[in-house]
Structure formats: C-alpha cells, structure tokens
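Here the structure is laid out as structure tokens; the discussion comes afterwards.
The values are calculated or read from the model by the stated rules, or taken from the named source; none is laboratory data. Just so it is clear, the structure is predicted and the values come from calculations on it, not from any experiment. Glycine also receives a Cβ, built like all others from the backbone with ideal geometry; neighbour counts cover every protein chain displayed.
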Amino acid sequence: MGKLYRRTMKKRYVLLAAEIDGRIVGAVEAFHRFIICYINRLAVHPKHQGKGIGSDLLIEICKRLKTRKARFVILCMNPRSDRPKDLIKFYRRHRFKAIGIIFIKRL
C-alpha cells in the first residue's frame, strides 16, 4: 500500500487517505466526542478493493481514535450497498458487532 495521509481538524475530526502512484485510492473519516467515535465514511476505489487498503485504513483510524481516549467506534453500513454480505463480513472480521446496519466496536 502507498502512503497514508492524515488531516486533523478541531481535534475531533480525523481523515486518513491511502495513495498509490500519486492517486488517492481510499479514505476514511471519523468524528469523536468524549469516548464515542463515529466513522462517517470508509471508501476504496473499486479497482483497488480486495487489496487490504480498507482494512489498513480501518485499523489505523481505530488506533488513532484509541490514542484520543475513545472507547467505542460506531459506523453505519450503507443500506444501498451492492455487496452487503461482503461488508458485513468485512466489519465482523475487524471485530465490529452488528446491530441492524449499525456496527459497534469496543476499543
């Protein structure tokens, strides 16, 4: 995987992006308040899916949120996803627990 970029705004917002050959191919953004964090978006370009980029982004953002004293991460799966079963497996593989289309993980 290429470089990971980080941008932090107001100490509550975190954005990480994955780059390959000078192009951004994936990104994740999160917002945190006290011990609860919300992953707003996690996306990887379709041509680069299945290469571990989404996993790397998810693992790295969880590490960074944990250093900010976060205890829980919440994310909502896109209900219009064309691959919902794959997404469920992906989040469960990363130790998120499903509550409907919402996933939660204790850090």
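Scan the stretch 90-104 for residues that are surrounded by 11 or more Cβ atoms within 10 Å (Cβ to Cβ) and either in contact with a Cys (Cβ under 7 Å, 6 or more places away or on another chain) or farther than 24 Å from residue 13 by Cβ (or both) and jot them down. Before you say what the answer is, go through the steps one by one.
Initially, the stretch 90-104 is screened for residues surrounded by 11 or more Cβ atoms within 10 Å (Cβ to Cβ), giving 90-92, 94-98, 101-104.
Of everything in the stretch 90-104, those that are surrounded by 11 or more Cβ atoms within 10 Å (Cβ to Cβ) and either in contact with a Cys (Cβ under 7 Å, 6 or more places away or on another chain) or farther than 24 Å from residue 13 by Cβ (or both) turn out to be 92, 97, 98, 101, 102.
For residue 54, the conditions (1) among the small types (Gly, Ala, Ser); (2) at pLDDT 90 or above; (3) out of contact with any Gly (no Cβ under 7 Å at 6 or more places or on another chain) are fulfilled apart from (3).
Scanning the stretch 54-73 for residues that are surrounded by fewer than 20 Cβ atoms within 10 Å (Cβ to Cβ) and part of a helix (DSSP H, G or I) yields 55, 56, 59, 60, 63, 64, 66, 67. Taking every residue in the stretch 21-44 that is closer than 22 Å to residue 87 by Cα and pairing it with any residue that is at pLDDT below 90 and assigned to a loop (DSSP other than H, G, I, E, B), at least 6 positions away or on another chain, the pairs with Cβ-Cβ distances below 6 Å are 31/12; 37/70. For the stretch 12-30, a residue qualifies if it is among the aliphatic types (A, V, I, L, M) and farther than 13 Å from residue 60 by Cβ, and the qualifying residues are 20, 24, 25.
The residue that is nearest to residue 36 (Cα to Cα), counting only those in the stretch 74-99 that are in a loop (DSSP other than H, G, I, E, B) and among the charged types (D, E, K, R), is 95.
Conditions (1) surrounded by fewer than 17 Cβ atoms within 10 Å (Cβ to Cβ); (2) assigned to a strand (DSSP E or B); (3) modelled with pLDDT of 95 or more; (4) on the phi > 0 side of the Ramachandran plot, marked per residue:
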position: 8; (1), (2), (3), (4): yes, yes, no, no
position: 11; (1), (2), (3), (4): yes, no, no, yes
position: 19; (1), (2), (3), (4): yes, yes, no, no
position: 37; (1), (2), (3), (4): no, yes, no, no
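Residues checked against (1) among the polar types (S, T, N, Q); (2) free of Cβ contacts under 8 Å to residues at least 12 places away in the same chain; (3) closer than 15 Å to residue 44 by Cα:
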| residue | (1), (2), (3) |
| --- | --- |
| 56 | no, no, yes |
| 68 | no, no, no |
| 73 | no, no, no |
| 79 | no, no, no |
| 91 | no, no, yes |
| 96 | no, no, no |
| 100 | no, yes, no |
